[in-house]
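What follows is a single structure, written as structure tokens, with notes after it.
The values are calculated or read from the model by the stated rules, or taken from the named source; none is laboratory data. Just so you know, these numbers come straight off a predicted model, no measurement behind them. Using ideal geometry, Cβ is built from the backbone for each residue, glycine included, and neighbour counts are taken over all protein chains shown. Each accessible area value is taken on the protein alone, full model and side chains, heavy atoms only, with ligands, DNA and RNA left out. Shrake-Rupley method; radii C 1.70, N 1.55, O 1.52, S 1.80 Å.
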Amino acid sequence: MTISAAWLLIDRGTMTQAHRRLAFSATGVLFAILGLGALLVPFMTIAANRIVEGDGMRIWNIATPSATLPGLAAVVAGLLLGLPDNMTRARLAGAVMGLAGLVWLLVQGAPALLEGAGAYARVSPATGFWCLLGVFLLLAADALAGMAPGPVMRAELLATAVGVLAAVLWSGALSDLSIMQEYASRRDAFLAATWQHLGLAFGSLAAAAALGFPLGILCHHQIKLRSMTMPVLSFLQTIPSLAMFGLMIPVLAWVGATFPGAQALGIAGIGFAPAFLALVLYALLPVVGNTVAGLAAAPQAARDAALGMGMTPRQRLWRVELPLGLPIILTGLRIVLVQNIGLAVIAGLIGGGGYGTFVFQGLNQTATDLILLGTLPTVALALTAAIFMNIFVDLTRTSTDARND
């Protein structure tokens, strides 16, 4: 090989390594384009009161340049850090930096826009903010998918995110925003709605688990029962949520009027009871179906080994089939929990309480920030529950894999 050919190969190798180092992620490029485009639309709105439509303000108009420049620089830097394909930690840092920049801009822009605007003026995030928020959350999710953190690290990240969000809200830095003013005027009602929403979501999950687990075990062992039960539960899933809630009203109204003491227990045509029952019915298919699938997932070799050891059917169920099928069963519970957190919003239409109360009040009053007061906690609760349940499922799957080995 000549010296010139050797140098050519070295140069090509160097260029290839440099190209790999400078490779851009397709999703990062897409996020950067979307983020830069979001900078051109209104970032915040200023309105004369909580009902009328506000005037959109772009980022560079919400406050003085010296106040907005740090936040704008953090947003742009976060988008640029999201470009490299092989630097997942840098991309995650970019997402965090961008989110911090958005909070900075809200903190600086809200009081500046309210100054001299009147006692009833309201300031709210606009399209640009929500687009950038979505971009940076997707960027963080994409970076975390590339990092593939374990369950413990994901739990730490979740706790950190929840703690930071709670600290920001508790500090009062965002108190000038309209949604926070809606919260301040409804603090007690919001706390009551939170407990009601949690009661609907987690209570229906517990009731569905208490009914669905034994039914799933029976369906696993009795094919005839499974062939009759699963179509019925599948049919319940096809009923639209609003129709299901409506169907529960006459049923429980008849129960409350017919059986003595039923109304004293809260069983009536409207309120918590029909919403709770509807959520339980919706939850049965995932619980029963995943219980059957989980029990059936136990390897035949494990069943044969248990049989050879002289285990009874009950012992095989508790010592072999249930432990090995636990990840699949818990996946069904995760589906139910996230589903019911979202469906519990509909309970506000029939007096069942929860965050849906604020959603439908806001729709009636054309008050966007009141709608957000109900929707944002619902989204945050569903996202947190999904991540927590995923961590729990992964921990049980790791334990199951170790048991199989």
On the basis of being out of contact with any Phe, Trp or Tyr (no Cβ under 8 Å at 6 or more places or on another chain), open to solvent by 60 Å² or more (accessible area, probe 1.4 Å) and at pLDDT 90 or above, does L177 make the cut?
no
Mind checking which pairs have a first residue in segment 317-332 that is within 13 Å of A296 (Cβ to Cβ) and a second that is among the aromatic types (F, W, Y), Cβ under 9 Å, 6 or more apart or different chains?
I329/F213
Are any of the residues in segment 288-309 in contact with an Asp or Glu (Cβ under 6 Å, 6 or more places away or on another chain) and more than 24 Å from L337 (Cβ to Cβ)?
yes
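Check segment 309-320 and report whether any residue there is surrounded by fewer than 20 Cβ atoms within 10 Å (Cβ to Cβ) and on the phi > 0 side of the Ramachandran plot.
Yes, the conditions are met somewhere in segment 309-320.
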Just give me the residues in segment 154-180 being in contact (Cβ under 8 Å) with a residue 60 or more places away in the chain and over 18 Å from the mean Cα position of the chain (by Cα), in sequence order.
V168, A173, L174, D176, L177, S178, I179
Taking segment 116-134 only, how many residues are assigned to a helix (DSSP H, G or I) and open to solvent by 50 Å² or more (accessible area, probe 1.4 Å)?
3
Has segment 380-401 got any residue that is among the β-branched types (V, I, T) and free of Cβ contacts under 8 Å to residues at least 40 places away in the same chain?
no
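Quick grid of which residues meet (1) under 30 Å from M248 (Cβ atoms); (2) touching a Leu at 6+ places or on another chain (Cβ under 7 Å):
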residue	(1), (2)
F272	yes, no
F276	yes, yes
L285	yes, yes
N290	yes, no
A301	no, no
A305	no, no
M309	no, no
Q315	no, no
R319	no, no
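Which of the residues spanning segment 46-56 are open to solvent by less than 50 Å² (accessible area, probe 1.4 Å) and closer than 15 Å to E115 by Cα? Even if it seems obvious, please write down each step before you answer.
So in segment 46-56, the residues open to solvent by less than 50 Å² (accessible area, probe 1.4 Å) come out as 46-47, 54, 56.
Within segment 46-56, I46, A47 qualify.
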For G362, indicate whether it is over 16 Å from the mean Cα position of the chain (by Cα), within 24 Å of Q237 (Cα to Cα) and modelled with pLDDT of 80 or more.
no
Working only within segment 48-78, note down all residues that are in contact (Cβ under 8 Å) with a residue 60 or more places away in the chain and more than 29 Å from Q365 (Cα to Cα).
G78
A264 vs. criteria open to solvent by 70 Å² or more (accessible area, probe 1.4 Å) and either in a helix (DSSP H, G or I) or modelled with pLDDT under 90 (or both)
yes
Return the total of residues in segment 63-80 being farther than 17 Å from A38 by Cα and surrounded by 19 or more Cβ atoms within 10 Å (Cβ to Cβ).
1
Test result for G216, open to solvent by less than 40 Å² (accessible area, probe 1.4 Å), farther than 23 Å from L322 by Cβ and in a helix (DSSP H, G or I):
no
Which of the numbered conditions does I270 fail, given that it passes all the others? Conditions: (1) open to solvent by less than 50 Å² (accessible area, probe 1.4 Å); (2) of a type in the set (V, I, T); (3) modelled with pLDDT under 80.
(1)
